[in-house]
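Every number here is computed from the coordinates shown, using simple stated rules; none is lab data. None of these values were measured; they are calculated from a predicted model. Here the Cβ positions follow ideal geometry from the backbone for every residue, glycine too, while neighbour counts run over all protein chains shown.
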Amino acid sequence: MKNKSEQEKRISYRIEKVRDALTVQQLDGIWITKKENQIYLCDFPSSNCFLLLTKDKNYLLTDFRYIEAAKDSCPMYEIVLINSEYSEIDFLKEMQLSVIGCEDDTLTVNSYRKLTNEVQHTKWQDCSGLVEQIRLIKDEYELDAIKRAAALTDDCFSHMLSVLKPHMTEKEAALKIEFFFKKNGAMGLSFDSICVSGIRSSLPHGVPTDKKLEVGDFLTMDFGCILDGYCSDMTRTVAIGSVTPEQRQIYNLVLQAQKTAIEGLKAGMSCVEGDYLARQVIIEAGYGDYFGHGLGHGVGLEIHEAPTLSPRGKGFLKENMTVTIEPGIYLPQKFGIRIEDLAIITSFGIINTVHSEKELIII
Ligand SMILES: [Mn+2]
């Protein structure tokens, strides 16, 4: 059971932060349709829900199926029942607000047309990213959930080391990951697990197939789970049976890049500088062209969220942001390697939430 008063305190604090942003942006309200932003601001998952935060009131609109639960778990909201006779559009017409912020990046074209055509006298202004900006800095509750999700992911990796064997297919390996997570309390996977082996390991986001693990293959597993709404993300590449000197050399290069980033990342650094910590190691060894993605991304209610560590990343790292640290080298038609941990940024460096072995493991 969640401690109600603590939950209320947490939610109220977040709502106040949104309200501060409303004032700055001169909005009379914000219409929240993005699911993760809704969960962040009311902790109530529902497939049919709208939030409207005005300067002094919080409204949660939902249908008959969720109304009782919403009343029970969202005491800081006025709960509004919507149905075929009274829609969210009717509600918004009655509100008569001049300027409402909406989330263009997730609002469907259809919904946007309805809002602009039917809710007259209201100007709809894009405020995509407003809630996400607040979500960038994680509170204690969120960090704790992320750490627990990461711990279960460590356990999953240990489990995989004990069950992986030659002739198992990539799909079977992915299924074992999913089964372990769900059997051990995860709400679900944070994304479809990536299990790619042999020459397929050079596909950074390859989909598991019926290909069997063979001696001499690298197997890259990129996986994570959701606990209490929060995601984890981790990648390990292991060798099946044996490795060539080239495989070992490149594995160690990725590992060195990853360790360099782990030692160097800290609050105050720009996202571009952060990315370059690992990239520089790989470029200097002559493999820069084979590390074609960014070093990492934020993780929270969404598996991919801000900040983005990449050569085009924006902004600076701040305390209590989360970032993955996941350099990789992918040699087409040969093999690929990625090693990924999930870190919490602090003023003195990072706290790594992942503790699994990362020296080369040969199964
Ligand atoms: Mn990742």
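Tabulated results
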read-out	value
Dipole magnitude of the chain, debye to nearest 20 (Cβ charges: Lys/Arg +1, Asp/Glu -1, about Cα centre)	400 debye
Cα-based shape type of the range 140-352, given that a ≥ b ≥ c are square roots of the gyration tensor eigenvalues and the cut on a/c is 1.5	oblate
Distribution of pairwise C-alpha distances over the chain, 20 Å bins, in %	28, 49, 22, 1
Mean Cβ neighbour count within 10 Å, used as a protection proxy, ranking 109-118, 331-340 highest first	331-340, 109-118
Among 299-306, 234-241, 98-105, the order from most to least packed when residues are scored by Cβ within 10 Å on average	234-241, 299-306, 98-105
Using a Förster distance of 22 Å, the FRET efficiency for Tyr141-Lys35 (Cβ separation, nearest 0.05)	0.70
Asp228-Asp105 pseudo-label distance in nm [points 7 Å out on the Cα-to-Cβ vector]	2.6 nm
Given charges at Cβ of Lys, Arg, Asp, Glu: the range 140-352 dipole, positive-most of Ala150, Ile199, Thr235	Ile199
Dipole magnitude of the range 140-352 about its Cα centre (Cβ charges: Lys, Arg +1; Asp, Glu -1), debye to nearest 20	420 debye
The range 4-135: C-alpha gyration tensor shape, a/c 1.5 cut-off, then a/b vs b/c	oblate
Which of Leu52, Cys42, Ile11, positive extreme of dipole for the range 4-135 (C-beta unit charges)	Ile11
Cα shape, the range 214-317, gyration tensor, a/c 1.5 rule	oblate
Gained length - Gln249 relative to Gln125, 0.36 nm times residue gap less alpha-carbon distance	39.3 nm
Kirkwood hydrodynamic radius (C-alpha pairs) into Stokes-Einstein, the range 95-227, 37 °C and 0.692 mPa s, D in µm²/s	180 µm²/s
Length added when fully stretched, Asp72-Asn184, from 0.36 nm per residue minus Cα-Cα	37.5 nm
Cα centroid separation - the range 319-350 against the range 82-103, whole Å	43 Å
Dipole of the chain [Lys/Arg +1, Asp/Glu -1 at C-beta], most positive-end residue of Met160, Leu97, Phe218	Phe218
Length gained when the stretch Glu6-Lys93 is fully extended (0.36 nm per residue, less Cα-Cα span)	27.9 nm
